[in-house]
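**Student:** Structure provided below as structure tokens; questions to follow.
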Amino acid sequence: MRYPLLRLRRLRSSKKMRDMLQEVRLSTNDLVMPLFVRPGENVEVPIESMPGQAQLSVDLAAKQAREAQELGIPAVLLFGIPPQKDETASGAYDDEGIIQQATRAIKEAAPEILVIADTCLCEYTSHGHCGMLKGEGENATVDNDATLGLLAKTAVSQAHAGADIVAPSAMMDGQVQAIRSALDREGLEDIAILAYAAKFASSFYGPFRDAAESAPAFGDRTSYQMAPPNANEALREVQLDIEEGADMVMVKPALGYQDIIFRVKERFGYPLACYSVSGEYAMAKAAANAGWLDEKRVVLEMLTGFKRAGADIIITYWAKDAAQWLK
Ligand code: PBG
């Protein structure tokens, strides 16, 4: 038996029909706003490669968080630029450190917003690597196991300051387990871990390293971050983090990695975040500022694509704009 020609166009015939049948809907509830916090008061230092973004002092970061709360954004993700850096990243786990101060100020100004603290050492080390080094000079390498204790200490300090979620991004093996045990030992079993599980060694982080002043002084991050061509390895990274106790996992970057987002969601069904990184922002922003792209439409299309691929949470520098556009 032959069926008549199937006309998918029937499903697109009116706006009502299209709205009714829309499969994925981007919402402000999906968005996380990153903030770069620096010392000082009433200081705003624009980030050249990320137009519209700035390093903010604690008071201004708290103000931003309050605005985000008013827009219905559920969470902010904090990165710190400490007053000074050293070999052992002491600013990361200092109870009076920049993230710890910012967390307390944000909790006071915007009590309903969730604070996610980025748990990494690269912004705090004098050499800019994500962990402790062993060996000398240019031949030094990152000492995975020696870094775990400091990451755990950082997470505990962030949690004591009021962070609801810690987000380890150093890509050290065993970091999730080390952090989970340390939190539990301190009676912080309600603090959730969002693991940067599949974090690729990406050139799209370029502008962030200006923003966070965290470019490695020598070498690169290819000995701890993942190689962009490897998808099966990304699934193994995610599996290990889940076994170590991650509550949520992340894929990063987002734009070139939607196949990974899709596969992680399909395979594990875990709460999944994707991080639309600084280079993705810089790229579309530059084109929009040149008048070559319609920023609002392009950004909403991009963010919806992440959602369609399987992300529940989207970390994006457009969080506030998107929340406004979605109103
Ligand atoms: C490292 C970290 C990086 C980003 C977030 N956390 C950069 C890196 O690995 O060099 C990148 C975020 C972005 O590019 O927006 N703690």
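**Student:** Please verify whether segment 179-194 includes one or more residues that are within 24 Å of Lys85 (Cα to Cα), within 19 Å of the chain's Cα centre (by Cα) and buried (at least 23 other Cβ atoms within 10 Å of the Cβ).
**Tutor:** The answer is yes, given that some residue of segment 179-194 is within 24 Å of Lys85 (Cα to Cα), within 19 Å of the chain's Cα centre (by Cα) and buried (at least 23 other Cβ atoms within 10 Å of the Cβ).
Let's see how each residue does on (1) within 17 Å of Asp312 (Cα to Cα); (2) within 16 Å of the ligand (Cβ to nearest atom); (3) touching an Asp or Glu at 6+ places or on another chain (Cβ under 9 Å):
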residue: Glu243; (1), (2), (3): no, no, no
residue: Ala254; (1), (2), (3): yes, yes, yes
residue: Gln258; (1), (2), (3): yes, no, no
residue: Pro271; (1), (2), (3): yes, no, yes
residue: Tyr275; (1), (2), (3): yes, yes, no
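**Student:** Hey, can you tell me all the residues within segment 255-278 that are open to solvent by less than 10 Å² (accessible area, probe 1.4 Å), closer than 23 Å to Glu48 by Cβ and in contact with a helix residue (DSSP H, G or I) (Cβ under 7 Å, 6 or more places away or on another chain)?
**Tutor:** Within segment 255-278, Ser276, Val277, Ser278 qualify.
**Student:** Right, something else. Being touching a strand residue (DSSP E or B) at 6+ places or on another chain (Cβ under 8 Å), under 21 Å from His129 (Cα atoms) and in contact (Cβ under 8 Å) with a residue 24 or more places away in the chain narrows it down to one of Val264, Val251, so name that one.
**Tutor:** Sole residue among the options that is touching a strand residue (DSSP E or B) at 6+ places or on another chain (Cβ under 8 Å), under 21 Å from His129 (Cα atoms) and in contact (Cβ under 8 Å) with a residue 24 or more places away in the chain: Val251.
**Student:** Name the residues in segment 152-172 that are at pLDDT 95 or above and touching a Leu at 6+ places or on another chain (Cβ under 7 Å), would you?
**Tutor:** Ala155, Val156, Ala159, Asp164, Ile165, Ala167, Pro168
Per-residue answers, yes or no, for (1) closer than 20 Å to Leu121 by Cβ; (2) acidic (Asp, Glu):
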position	(1), (2)
Ala211	yes, no
Phe218	yes, no
Ala227	no, no
Asn230	no, no
Glu233	no, yes
Gly245	no, no
Gly256	no, no
Ile260	no, no
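**Student:** Just need a number here: residues in segment 114-125 that are surrounded by fewer than 23 Cβ atoms within 10 Å (Cβ to Cβ) and assigned to a loop (DSSP other than H, G, I, E, B).
**Tutor:** The total comes to 0.
**Student:** What residue, among those in segment 208-226 that are open to solvent by less than 30 Å² (accessible area, probe 1.4 Å) and assigned to a loop (DSSP other than H, G, I, E, B), is nearest to Asp118 (Cα to Cα)?
**Tutor:** Among them, the one singled out is Ser214.
**Student:** Quick one: would you say Arg221 is farther than 23 Å from Ala319 by Cβ, basic (Lys, Arg) and touching a strand residue (DSSP E or B) at 6+ places or on another chain (Cβ under 9 Å)?
**Tutor:** Against the criterion (farther than 23 Å from Ala319 by Cβ, basic (Lys, Arg) and touching a strand residue (DSSP E or B) at 6+ places or on another chain (Cβ under 9 Å)), Arg221 qualifies.
**Student:** Open to solvent by less than 30 Å² (accessible area, probe 1.4 Å), within 16 Å of the ligand (Cβ to nearest atom) and either under 13 Å from Tyr196 (Cα atoms) or among the basic types (Lys, Arg) (or both): is that true of Lys320 in this structure?
**Tutor:** So Lys320 does not fit the description; no.
**Student:** Just one of the numbered conditions (1) open to solvent by less than 10 Å² (accessible area, probe 1.4 Å); (2) part of a helix (DSSP H, G or I); (3) of a type in the set (Gly, Ala, Ser) is not true of Ala288; which one?
**Tutor:** Tallying (1) open to solvent by less than 10 Å² (accessible area, probe 1.4 Å); (2) part of a helix (DSSP H, G or I); (3) of a type in the set (Gly, Ala, Ser), Ala288 fails exactly one: (1).
**Student:** For segment 1-112, which fully contained strands (runs of 3 or more DSSP E) count at least 1 residues that are among the aromatic types (Phe, Trp, Tyr) and open to solvent by less than 40 Å² (accessible area, probe 1.4 Å)?
**Tutor:** So the answer is 31-38, 75-80.
**Student:** Filter segment 143-173 for residues that are β-branched (Val, Ile, Thr) and surrounded by fewer than 24 Cβ atoms within 10 Å (Cβ to Cβ); which is farthest from the ligand (Cβ to nearest atom)?
**Tutor:** Val156
**Student:** Of the numbered conditions (1) under 22 Å from Asp210 (Cα atoms); (2) open to solvent by less than 10 Å² (accessible area, probe 1.4 Å); (3) not in a loop (DSSP other than H, G, I, E, B); (4) not hydroxyl-bearing (Ser, Thr, Tyr), Gly128 satisfies every one except a single condition; which is it?
**Tutor:** Only one criterion in (1) under 22 Å from Asp210 (Cα atoms); (2) open to solvent by less than 10 Å² (accessible area, probe 1.4 Å); (3) not in a loop (DSSP other than H, G, I, E, B); (4) not hydroxyl-bearing (Ser, Thr, Tyr) is unmet by Gly128, namely (3).
**Student:** Out of segment 174-200, which residues are in contact with a strand residue (DSSP E or B) (Cβ under 8 Å, 6 or more places away or on another chain), more than 8 Å from the ligand (Cβ to nearest atom) and not in a helix (DSSP H, G or I)?
**Tutor:** First, the residues of segment 174-200 that are in contact with a strand residue (DSSP E or B) (Cβ under 8 Å, 6 or more places away or on another chain): 175-176, 179-180, 183, 191-200.
Cutting the leftovers down to more than 8 Å from the ligand (Cβ to nearest atom) gives us 175-176, 179-180, 183, 191-195, 197-198, 200.
Hits for segment 174-200 are Ile191, Ala192, Ile193, Leu194, Ala195, Ala197, Ala198, Phe200.
**Student:** Further question on the same structure: Taking only segment 205-220 into account, find how many residues are more than 7 Å from the ligand (Cβ to nearest atom) and touching a Ser or Thr at 6+ places or on another chain (Cβ under 6 Å).
**Tutor:** 1
**Student:** Could you grab the pairs with beta carbons closer than 7 Å, sequence gap of 6+ or different chains, first residue in segment 277-305 and more than 16 Å from the ligand (Cβ to nearest atom), second one in a helix (DSSP H, G or I) and of a type in the set (Asp, Glu)?
**Tutor:** Ala288/Glu295
**Student:** Let me ask something else about it. Starting from residues that are within 30 Å of Thr28 (Cβ to Cβ) and more than 8 Å from the ligand (Cβ to nearest atom), keep the ones in segment 114-128 and report whichever is farthest from the chain's Cα centre (by Cα).
**Tutor:** Within segment 114-128, the match that is farthest from the chain's Cα centre (by Cα) is Leu114.
The values are calculated or read from the model by the stated rules, or taken from the named source; none is laboratory data. All of these numbers come straight from a predicted model, not from anything done at the bench. Don't worry about glycine lacking a Cβ; one is built from the backbone with ideal geometry, like all the others, and counts go over all protein chains shown. For accessibility, only protein heavy atoms count, side chains too; no ligands or nucleic acids. Shrake-Rupley method; radii C 1.70, N 1.55, O 1.52, S 1.80 Å.
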